[in-house]
Structure formats: structure tokens, C-alpha cells
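No lab work stands behind these numbers, since they all come straight from the coordinates. Predicted, not measured: the structure shown is a model, and the values here were computed from it. Every residue, glycine as well, gets a Cβ built from its backbone with ideal geometry; the counts of neighbours run over all protein chains shown.
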Amino acid sequence: MTETLDLFPAPSNKDEETVNNSSKRRRNKKSATAYRTISEVANSIGVATHVLRFWETKFSEIQPLKRGGGRRYYRPEDVAIIKHIQDLLHNKGYTIKGVQAVLSNEKSKVCTNSLPENSNILPIVLDKLYELRKTLAV
């Protein structure tokens, strides 16, 4: 019997799994504060990229950084808002207008909760501005 030498063996499933797993590990090693591409965000929440582009037109809260050629990079804050929108639309059954109303209401609550209750901060700010003006005039 003659032994044949296989110069180009077909890759086994195990080799393919190793390559796929190592590339997945590389992708998952991004920092929590790293910016994400549109495809990374779309894959993480299970929607198509065109859906994210559409949501950008409907929700002013989503404002990705746009680089040359129109590439979008989403901040962690953008990703959190997108996940919230996706949950409201797909899991809780809200309409686009309903989600807009919810986000508007949440935004106003955050703004009013950031100031201490019953505080009259305007006179304090004005005093500080007058002091700064005097310092700069000297």
C-alpha cells in the first residue's frame, strides 16, 4: 500500500470553532466605555442597522458620533438609551410616539430632580457671576 500525503487537509469543525471563539473573545474585550459601531450595537440588541438609523430620526436622544464617510460610533450612553427604546417598543408594546412621550417625561424628571427641592439657586448663581465679573474687570 502506498501512503498518500495530504498537503492541504480540510479544516475540521474543531479548527473552525477555535477561530470563531477567539474572534468572539476579541470582540467582547472592548472596554465598557468604548464606542461601538452601528453593527455592534445592532447585533447586541437584535435589530437591523437600518432600524437604528431610523430611530436616530425619531429620537433626538440618540446622537452617535459621526466620522468621515458617515460612520457612526455610539457612546455607552447612546447604547443604554437604545436598549431602553428597544425594550419599550418590542417588549412593552409602546408606539414610537409613546416612547417619545416616555423619554420626554423621564428627561423632565431628571432635570427637576437634579436641583434640590425648594432651592432658590438663581440669586446664588447671579452673585457668583457678579463676583467673577469684578475679578475679571481688574
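Annotations for the structure displayed:
- Remark: spin-label model distance ASN43-ALA101 equals 3.7 nm, labels positioned 7 Å along the Cα→Cβ axis.
- When only the Cβ of Lys, Arg, Asp and Glu is charged (+1, +1, -1, -1), the dipole of the stretch 33-137 relative to its Cα centre reaches about 400 debye.
- Whole-Hz Karplus values for the stretch 90-101 come out as 8, 9, 9, x, 6, 8, 4, 5, x, 5, 4, 5 Hz, taken residue by residue from phi with 6.51 cos²θ - 1.76 cosθ + 1.60 and θ = phi - 60°; glycine and proline positions read x.
- Shape category assigned to the stretch 33-137 from the gyration tensor of Cα positions, a/c cut at 1.5: oblate
- Ranked for footprinting exposure by Cβ neighbours inside 10 Å, fewest first, LEU136, LEU129, LEU88 give LEU136, LEU129, LEU88.
- Burial ordering of GLU131, GLU106, GLU61, fewest other beta-carbon atoms within 10 Å first: GLU131, GLU106, GLU61
- Going from the fewest other Cβ atoms within 10 Å to the most, the residues TYR74, TYR130, TYR94 appear in the order TYR130, TYR94, TYR74.
- Listed residue pairs exceeding 29 Å between alpha carbons, taken from LYS29/LYS107; LYS30/LYS83; LYS30/LYS66; LYS29/LYS66; LYS66/LYS128; LYS66/LYS97: LYS29/LYS107; LYS66/LYS128
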